[in-house]
Amino acid sequence: MNTPNKLTILRMVMVPVFVLLMLFPFPGSNWVALVIFVAASVTDFIDGYLARKHNQVTNFGKFMDPLADKLLVTAAILLFVQFGQCPAWCALIIIAREFAVTALRLIAVNNGIVIAAAWSGKIKTASSIVAICLMLSPWHDFTLAGSFDLDALCVLVMTVLTVWSGAEYFIKNKVLFSADKMK
């Protein structure tokens with residue numbers, strides 16, 4: 001097993017550790033959870049870089065890397081719903097987009113097409129990681145204006161960018177839904 005794949009597995013192992021730290025708090029557990037989340041997010045960038053640089057792209061990595069990312073972000077979003085930091089309808093939009101884009105990619109692969117990551121998806125991912133880090137910080141409930149706090153701003157940014165990037169994926173690949181293009 002190569003280093004990029006080991007980093008992907010490490011990221012998957014970090015997800016339940018992150019969840020447990022959030023669900024069973026102790027003094028300083030939020031900081032430890034934040035460090036775990038940041039470390040897991042950093043492994044995402046490192047494993048992809050290493051796989052491309054050293055020509056170590058594998059089928060395992062192609063499948064498991066995005067799955068590990070989705071597990072990490074989904075875990076954080078669901079925890080935020082449980083703790084009242086994110087409305088359930090926003091979480092549903094964010095999570096549904098992940099399933100929808102994954103399904104779109106599967107349809108494309110079945111038709112011999114590879115859908116590369118779009119810039120909107122990369123922007124969405126980077127901003128979601130920053131937003132989740134802010135929501136994990138002790139300042140997450142800092143009031144910005146009236147009852148609008150940092151949590152609300154982070155959820156708004158994640159939701160808007162999620163809708164934008166998801167729409168872009170489907171609009172750019174609408175040919176996949178033509179009856180004569182479907183296998």
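The values are calculated or read from the model by the stated rules, or taken from the named source; none is laboratory data. Model, not experiment: these values are computed from the prediction. We place every Cβ from the backbone using ideal geometry, glycine too, and count neighbours over all the protein chains shown.
If you filter the range 31-79 down to residues that are basic (Lys, Arg) and farther than 28 Å from His140 by Cβ, you find that the one that is farthest from the chain's Cα centre (by Cα) is Lys53. Tell me whether the range 99-119 contains one or more residues that are in contact (Cβ under 8 Å) with a residue 12 or more places away in the chain, at negative phi and basic (Lys, Arg). The answer is no, given that none of the residues of the range 99-119 is in contact (Cβ under 8 Å) with a residue 12 or more places away in the chain, at negative phi and basic (Lys, Arg).
Being surrounded by 17 or more Cβ atoms within 10 Å (Cβ to Cβ) and either in contact (Cβ under 8 Å) with a residue 24 or more places away in the chain or closer than 25 Å to Phe170 by Cα (or both): is that true of Gln56 here? Answer is no for this residue.
Of all residues in the range 153-166, exactly one satisfies the criterion of being buried (at least 20 other Cβ atoms within 10 Å of the Cβ), free of Cβ contacts under 8 Å to residues at least 60 places away in the same chain and more than 21 Å from Thr102 (Cβ to Cβ), namely Cys154.
Among the criteria (1) closer than 25 Å to Trp31 by Cα; (2) outside the structural domain of Ser41 (by TED's automatic domain parsing); (3) within 13 Å of the chain's Cα centre (by Cα); (4) not aromatic (Phe, Trp, Tyr), the one Ser137 does not fulfil is (3). The set of residues in the range 59-83 being charged (D, E, K, R) and closer than 16 Å to Asn2 by Cα consists of Lys62, Asp65.
Selection of the range 72-85 for residues being part of a helix (DSSP H, G or I) and either buried (at least 20 other Cβ atoms within 10 Å of the Cβ) or in contact (Cβ under 8 Å) with a residue 60 or more places away in the chain (or both) yields Leu72, Val73, Ala75, Ala76, Ile77, Leu79, Phe80.
In the set Lys53, Lys62, Lys70, Lys124, only one residue is of a type outside the set (A, V, I, L, M, F, W, C) and in the same structural domain as Tyr169 (by TED's automatic domain parsing); that residue is Lys124. Restricting the range 136-183 to residues that are among the aromatic types (Phe, Trp, Tyr) and not in a strand (DSSP E or B) leaves a set whose member that is modelled with the highest pLDDT is Trp164. Checked against the criterion of being over 26 Å from Lys174 (Cα atoms), outside the structural domain of Asp141 (by TED's automatic domain parsing) and touching a Lys or Arg at 6+ places or on another chain (Cβ under 7 Å), the range 17-36 contains not a single residue that satisfies it.
When restricted to residues that are loosely packed, with under 13 Cβ neighbours inside 10 Å and of a type in the set (Val, Ile, Thr), the range 103-133 contains 2. Being at pLDDT below 90, farther than 18 Å from Ser127 by Cα and outside the structural domain of Val13 (by TED's automatic domain parsing): is that true of Ala116 here? Judged against the criteria, Ala116 is a match.
The residues on offer are Ala126, Ala131, Ala96, Ala91, and the sole one that is without any contact (Cβ under 8 Å) to a residue 40 or more places away in the chain and more than 30 Å from Trp31 (Cβ to Cβ) is Ala96. Annotation note: of Ala100, Ala96, Ala51, the sole residue that is in a helix (DSSP H, G or I) and loosely packed, with under 13 Cβ neighbours inside 10 Å is Ala96.
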